[in-house]
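**Q** Let me begin by handing over the structure; questions about it come next.
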Amino acid sequence: MIKMRMQVKKKNEETFWDKLGKPKYILAPMVDLSELPFRLLCRNYNCNLTFTPMLHAQNFVKHEKYRSGYFKKSDNDKPLIAQFCGNNAEIILNAIDYVKNDVVAVDLNLGCPQQIAKKGNYGAFLLSKHDEVVSLISDITNNCKIPITCKIRKIDNDYQSTLNLCHDLQNRNVQMITVHGRTKEEKGINIKECDYEIIKLIKEKLSIPVVANGSVEHFEDIEKCLNYTKADAIMCAEILLEKPYFFSNKNVDIIDIVNEYYVLFLKYETNLKYLKSHLFKMLYTYFQVHTDLRDMLNNCHGLNDYLNFQKILNEKRKQGTLTQSNQTWYRRYRKTL
Ligand SMILES: Cc1cc2nc3c(=O)[nH]c(=O)nc-3n(C[C@H](O)[C@H](O)[C@H](O)COP(=O)(O)O)c2cc1C
């Protein structure tokens, strides 16, 4: 049964932002890609806050295998926010029960633009259903003690609807909103630069922390975005997949990073799909030149194949035979600068 709970703020209470440790650099939730070893890798390079990949609330509640496979934790990965998708408050509250002691907050995904979200009526497809989403959030925040945050996209090109929604989410006790400044159509080959104006307007309107997300490719882009939008922190996704060290503002040899990821992977994961997927992105600039290496990775199946691939990669580096293209994974759908 869903009940109503009144929130009373105590004087001098630690704010949610304090609890998060006032983060500046945040790793985005990414399906199949913000898994524990990758989160830990980014933390080694100045990332202050991490999100799990989007977890399907119903699957999470129903299947122990889904929970143990997709929600892995470590004391070294704190503060952590778990992200759920769904449209049923009771199910989401049940899912929250499983994670509430291991995370600092739970985020509701209101940004997923994929067809599967359209079919399931969740993610960005809830954004335009103002009353439904506000009532969903009310039912969640009134019935759990853990802070609730939301990650949204720009609603079509409708500033007013986006602002109204953010305002009402804040009124329903949402503690932080992350804004991806693109509409749900602006993805894949239709990707566009982010609209920072909407993030700026949301920040002006709200009193809770606002996190800016999107269009960060170079370290300087972070300050440009934060100076313009006045957002409290930056969240990055794609650039970290290619350069997990991005937040450190250092130039690190990506093969050293690959080796570091292997160590974390072997300690915390067994599902080889993560290893393959991350290696393709981290080594993308090499694979544009060394297609034989790309094919070798493509043909890796068991762990020994991957260890052999790592050995060959390091040998080639030692021999000085590796060259990188200037075509980056980040720019795969965009023009090379
Ligand atoms: C592979 C991939 C998976 C993603 N999965 C999620 C997800 O699970 N939840 C979510 O809210 N956003 C997800 N996103 C969107 C990112 O969190 C982020 O909002 C978007 O990529 C824009 O940030 P960027 O310009 O730094 O890449 C995903 C993005 C990518 C590239």
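The values are calculated or read from the model by the stated rules, or taken from the named source; none is laboratory data. Since the structure is predicted, the reported quantities are computational estimates derived from the model, not experimental observations. Reconstructed Cβ throughout: ideal geometry from the backbone, glycine too, with neighbour counts over all protein chains shown. Only protein heavy atoms, including side chains, enter the accessible area calculation; ligands, DNA and RNA are left aside. Shrake-Rupley method; radii C 1.70, N 1.55, O 1.52, S 1.80 Å.
**Q** State which residue pairs qualify: first residue of a type in the set (D, E, K, R) and inside region 210-223, second residue modelled with pLDDT of 95 or more and within 11 Å of the ligand (Cβ to nearest atom) in any location, beta carbons under 8 Å apart, and separation of 6 or more residues or different chains.
**A** So the pair list comes out as E217/I239.
**Q** Based on this model, can you work out whether S68 counts as of a type outside the set (D, E), part of a loop (DSSP other than H, G, I, E, B) and away from the ligand (no atom under 13 Å from the Cβ)? Walk me through how you get there before you give the answer.
**A** Values: of a type outside the set (D, E): yes; part of a loop (DSSP other than H, G, I, E, B): no; away from the ligand (no atom under 13 Å from the Cβ): yes.
Criteria not met by S68.
**Q** Moving on to the next point. Only residues in region 319-337 that are loosely packed, with under 15 Cβ neighbours inside 10 Å count as the first member; pair them with residues that are modelled with pLDDT under 95 and not in a loop (DSSP other than H, G, I, E, B), Cβ under 6 angstrom, at least 6 apart or cross-chain, and list the lot.
**A** Cβ pairs passing all conditions: Y333/I189.
**Q** Identify all residues within region 13-48 that are within 16 Å of the ligand (Cβ to nearest atom) and of a type in the set (A, V, I, L, M); write none if there are none. Steps first, please.
**A** Residues of region 13-48 within 16 Å of the ligand (Cβ to nearest atom): 23-39, 41-42, 45-48.
Within region 13-48, I26, L27, A28, M30, V31, L33, L36, L41 qualify.
**Q** Tell me which residues, restricted to region 58-107, are open to solvent by less than 40 Å² (accessible area, probe 1.4 Å) and among the small types (G, A, S).
**A** Residues satisfying the conditions are G69, S74, A82, G86, A89, A95, A105.
**Q** Another question about this same structure. What is the residue count in region 105-127 for residues that are touching a helix residue (DSSP H, G or I) at 6+ places or on another chain (Cβ under 6 Å) and outside any strand (DSSP E or B)?
**A** Of the residues in region 105-127, 8 are touching a helix residue (DSSP H, G or I) at 6+ places or on another chain (Cβ under 6 Å) and outside any strand (DSSP E or B).
**Q** Next question. Please tell me if N143 is part of a loop (DSSP other than H, G, I, E, B), modelled with pLDDT under 95, more than 16 Å from the ligand (Cβ to nearest atom) and out of contact with any Gly (no Cβ under 8 Å at 6 or more places or on another chain).
**A** Values: part of a loop (DSSP other than H, G, I, E, B): yes; modelled with pLDDT under 95: no; more than 16 Å from the ligand (Cβ to nearest atom): yes; out of contact with any Gly (no Cβ under 8 Å at 6 or more places or on another chain): yes.
Here the answer is no, as N143 does not meet what is asked.
**Q** Would you point out which residue out of Y306, Y286 is touching a Cys at 6+ places or on another chain (Cβ under 8 Å) and in a helix (DSSP H, G or I)?
**A** Working: Y286 fails: touching a Cys at 6+ places or on another chain (Cβ under 8 Å).
Going through Y306, Y286 in turn, just one is touching a Cys at 6+ places or on another chain (Cβ under 8 Å) and in a helix (DSSP H, G or I): Y306.
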